[in-house]
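Below is one structure, written out as structure tokens, with a few remarks after it.
Bear in mind these aren't lab numbers, they're just calculated from the coordinates by the rules spelled out. In this text, all values refer to a predicted model and were calculated from it rather than measured experimentally. A quick note on method: Cβ atoms are made from the backbone with ideal geometry, for glycine too, and the neighbour counts reach across all protein chains shown.
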Amino acid sequence: MTHTDVLVIGAGPSGTIAAAIIKKAGYNVTIVEKLHFPRFVIGESLLPRCMEALDEAGFLEAVKAKGFQEKFGAKFVMTNNDICDFNFNEKHSVGYDWTWQVPRADFDKTLADECEKMGIEVLYDSEVTDIKINDDESSVTEVKMADGSTQYFQAKFIVDGSGFGRVIPRMFGLEKDSNLPSRQTLFTHYIDKNRDKVAQEPNRITVYVYNHNTWVWCIPFSNGVTSLGFVGFPDFFSTLTGTAEENIKYLVQSHPELNERFGDCEMAFEPMELKSWSATTDKFYGKGFVLTGNVTEFLDPMFSSGVTLASVSAQNAAHLVIKKLQKEAVDWETEYMQPCMQGVNVFRTFVMGWYDGDLHTIFFSKNQNEDMRKQICSVLAGYVWDDTNPFVRNHQKQVKTLAKFIKETASENATI
Ligand SMILES: Cc1cc2nc3c(=O)[nH]c(=O)nc-3n(C[C@H](O)[C@H](O)[C@H](O)COP(=O)(O)OP(=O)(O)OC[C@H]3O[C@@H](n4cnc5c(N)ncnc54)[C@H](O)[C@@H]3O)c2cc1C
């Protein structure tokens, strides 16, 4: 039996950020990670708000030193060439106005290496297979180790940052259906040899919009590779009958702008398909454990909220675990679950507003109100806990009312 203060499941951003903050407070932390790092994971476009969590964890300098592509905004391009471009330095909230676009294999390994430098043990190729929580909230976790042996870890507290592994929700029956419909993606990394020729700005995510159901992410990295992914309902993909590689080539060729840039480029790997990623959990905490990152809730790739919600939940969870270890009372419902849900719900409104067309109406309207644009920009930068922003405070009402106003004004003008 190995003893540790805190056992963290998963070495993704939520696991490593929580581990580092708890370690900095003077506690022993062990991370158990199922895979060998570096490992591929999708989720490459960060939001400025996650910089605050990376900073508190002590990771910023190490990430800066990697020279990842800096990101300053998000640009939305319709097939008729209407453009809506947000620069994070125009946002309403105080805070970071830039971040990075990262190949996650390299980014996540950088964070995990920093944890090791701080004295956190990171056990790779090791899978959590069972957890028993004792009456005093301590726990015993069974781990299948890299050498095939089984080892047991006694911990005072567990942080579950296992992403789509969803270890504790699956083990303890906490899984719940998401209220978002199932969507699908086909994506790859292109060796982006035409990037300079077609004068694309690498310093932002570009979202190519077919309609409010179907869109493409284009995320350039500093190493000359660009991540390109098509997202839509399963119907959109069901008409494609080739291999994944043939299908993505076909989709690129059918879009003039993408074809000009990627039509003759090599792919760095066989395109991958993913579907039905939205997932949620009944409760983000329980006796002896807290859930962070994707284990809590994952919405949708639109607006790139995943790593930011993962980082901020890990940051908040770490503070509360430290309080708990210091024998202070913690009200997990109000101090953890509610703030997590606030962030998730603001992004849920934006994701739903995107797919029901309201945000198209707003983003591509001709006469935009400057203050509201700044407030929307703040949400897109991940500042979804800033209650001075009406698009945070009254997110649903603001989006609905603004879209309705724009539509009504447009139809009145058309009548005149
Ligand atoms: C199509 C798509 C596109 C996306 N695009 C973006 C984007 O542009 N920007 C963005 O911010 N987010 C994006 N995301 C979301 C992003 O991928 C996740 O939100 C983010 O990776 C969550 O981080 P995490 O630390 O919670 O989990 P992860 O990064 O998934 O890490 C979890 C770790 O836990 C480990 N693990 C699992 N089970 C076990 C076990 N039993 N024992 C030990 N270890 C285990 C896994 O191996 C993994 O390394 C996207 C998601 C999808 C589906």
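Neighbour counts of C-beta atoms inside 10 Å place VAL252, VAL290, VAL94 in the sequence VAL94, VAL252, VAL290, starting with the fewest.
From least to most packed, judged by other beta carbons within 10 angstrom and beginning with the fewest, ARG261, ARG393 follow the order ARG393, ARG261. Using the Cβ-Cβ distance between SER178 and ASN211 with R0 set to 22 Å, the FRET efficiency from 1/(1 + (r/R0)^6) comes to roughly 0.50. For LYS71, the amide hydrogen comes within under 5 Å of the amide hydrogens of THR99, TRP100, GLN101, counting only partners 5 or more places away or on other chains and with H modelled in the peptide plane. In order along the range 94-103, the phi-based Karplus estimate (6.51 cos²θ - 1.76 cosθ + 1.60, θ = phi - 60°) of 3J(HN,Hα) comes to 7, x, 4, 10, 8, 7, 10, 10, 10, x Hz; Gly and Pro are listed as x. Summing Lys and Arg as +1 and Asp and Glu as -1 over all other residues whose Cβ lies under 15 Å from the Cβ of LEU359 gives a net charge of +2. Measuring between alpha carbons in the structure, the pairs from LYS275/LYS366; LYS193/LYS249; LYS144/LYS327; LYS91/LYS249; LYS91/LYS197; LYS193/LYS366 lying more than 28 angstrom apart are LYS275/LYS366; LYS144/LYS327; LYS91/LYS249; LYS91/LYS197; LYS193/LYS366. Under the combined filter of DSSP loop state and at most 12 neighbouring Cβ atoms within 10 Å, the range 1-91 retains these chymotrypsin sites (Phe, Trp or Tyr not before Pro): PHE40. Near VAL167: Cβ cut-off under 12 Å, other residues only, Lys/Arg at +1 and Asp/Glu at -1. The net charge is -3. With Cα atoms defining each centre, the range 281-314 and the range 55-124 are spaced 18 Å apart in the structure. Charging the Cβ of each Asp and Glu at -1 and of each Lys and Arg at +1, and nothing else, the dipole of the range 184-275 about its Cα centre rounds to 200 debye. Whole-Hz Karplus values for the range 193-198 come out as 5, 9, 3, 6, 4, 8 Hz, taken residue by residue from phi with 6.51 cos²θ - 1.76 cosθ + 1.60 and θ = phi - 60°; glycine and proline positions read x. If R0 is 56 Å, the Cβ-Cβ spacing of ALA105 and GLU412 corresponds to a FRET efficiency of close to 0.60. In whole percents, the pair-distance distribution calculated for the range 184-275 from its alpha-carbon pairs, binned every 10 Å from zero, is 17, 55, 25, 3. Taking a straight Cα-Cα cut-off under 12 Å and skipping sequence neighbours fewer than 8 places away in the same chain, the aspartates and glutamates within cross-link reach of LYS23 are ASP5, GLU56, GLU114, GLU116, GLU121. With θ taken as phi - 60° and the Karplus curve 6.51 cos²θ - 1.76 cosθ + 1.60 applied, the whole-hertz 3J(HN,Hα) list for the range 345-359 is 5, 5, 5, 4, 4, 5, 4, 5, x, 5, 6, 8, x, 4, 6 Hz, x standing for glycine and proline. Ranked by how many other Cβ atoms sit within 10 Å of their own Cβ, fewest first, the residues ASP97, ASP358 fall in the order ASP97, ASP358.
Each Cα pair under 8 Å and six or more residues apart adds its sequence gap; the mean of these over the residue count of the range 184-275 is a relative contact order of 43 percent.
Distance between the pseudo-spin-label points of THR401 and LYS323 (7 Å out from Cα toward the beta carbon): 3.3 nm.
With an 8 Å cut-off on Cα pairs and a minimum separation of 6 or more residues, tell me the relative contact order of the chain in percent.
For the chain, the relative contact order is 21 percent.
Distance between the pseudo-spin-label points of THR2 and ASP136 (7 Å out from Cα toward the beta carbon): 2.2 nm. Our note on the geometry: Cα centres of the range 159-202 and the range 343-416, 24 Å apart. Positive contributions from Lys and Arg (+1) and negative ones from Asp and Glu (-1), summed over other residues with Cβ under 11 Å from the Cβ of GLU127, come out at -2.
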